[in-house]
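The structure appears right after this line, and notes come after that.
The values are calculated or read from the model by the stated rules, or taken from the named source; none is laboratory data. Worth saying up front: this structure is predicted, and the values here are computed from it rather than measured. Here the Cβ positions follow ideal geometry from the backbone for every residue, glycine too, while neighbour counts run over all protein chains shown. Keep in mind that these areas ignore ligands, DNA and RNA; they rest on the heavy atoms of the full protein, side chains included. Shrake-Rupley method; radii C 1.70, N 1.55, O 1.52, S 1.80 Å.
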Amino acid sequence: NEIDNLLHLRSDASQFGFTMMPWADTSSMSRDDLDKLQASLSAIDEPLPKGEKDVVVDTGASCLASPDKSDFVGKITPIRPGLKHMQGIGGGIPVLGVGTMRFHVCDDHGHHRVIEGEGCYMPDLPCRLLSPQKYFVQQDGGRLIVIQDKTTLEWKDGGIITVKYDPDNCLPVVRAYA
């Protein structure tokens, strides 16, 4: 699938010391190899390849939000300028529309997952936001576990994605794909 192809293009497994690298199915990898893979991909300090997106998991966000129209499927319904703002530490950022947002992610077992829900189009927003509480309400289930060195998103069907914290800002950042 597309996610596996992107991962395959990112690196040669041997340079990271993996004992094996079954790119097509990470569920067959050992826990140690999964940890190495996740650490290696998180440590890559280069621009995201075409189609990759960083999404901040933000319990302080009131909605899913993006500055990029390409994150939306279907129509973005415009909102009258000045009618709605997202308030935050940096002040209010205008919401210019609402629509269905969609991100593709790879869970801890190597399975393709789709994060989809109603979100706000906010061109002045500096990053993409996933409000886990809003997303799980829209999905009628799921949970977020926040601990010392990682955050875990759990879907109601048992799927899990473990998110390490960004070393620069300590935020949980999910790598998503177009």
Exactly one condition in (1) open to solvent by 40 Å² or more (accessible area, probe 1.4 Å); (2) at pLDDT below 90 is false for LYS150; which is it? (2)
Only residues in the stretch 105-134 that are farther than 17 Å from GLU154 by Cα count as the first member; pair them with residues that are modelled with pLDDT under 90 and assigned to a strand (DSSP E or B), Cβ under 8 angstrom, at least 6 apart or cross-chain, and list the lot. CYS120/MET86; MET122/MET86; MET122/ILE93; MET122/PRO94; ASP124/ILE93; ASP124/PRO94; LEU125/MET86; LEU125/ILE93
Mind checking which residues of the stretch 131-154 are part of a strand (DSSP E or B), among the charged types (D, E, K, R) and over 22 Å from GLY119 (Cα atoms)? LYS150
Tell me which residues, restricted to the stretch 125-138, are more than 11 Å from VAL57 (Cβ to Cβ), of a type outside the set (A, V, I, L, M, F, W, C) and surrounded by 13 or more Cβ atoms within 10 Å (Cβ to Cβ). LYS134, GLN138
Only one of GLY97, GLY158, GLY141, GLY110 is more than 14 Å from the chain's Cα centre (by Cα) and crowded, with 20+ Cβ neighbours inside 10 Å; which? GLY110
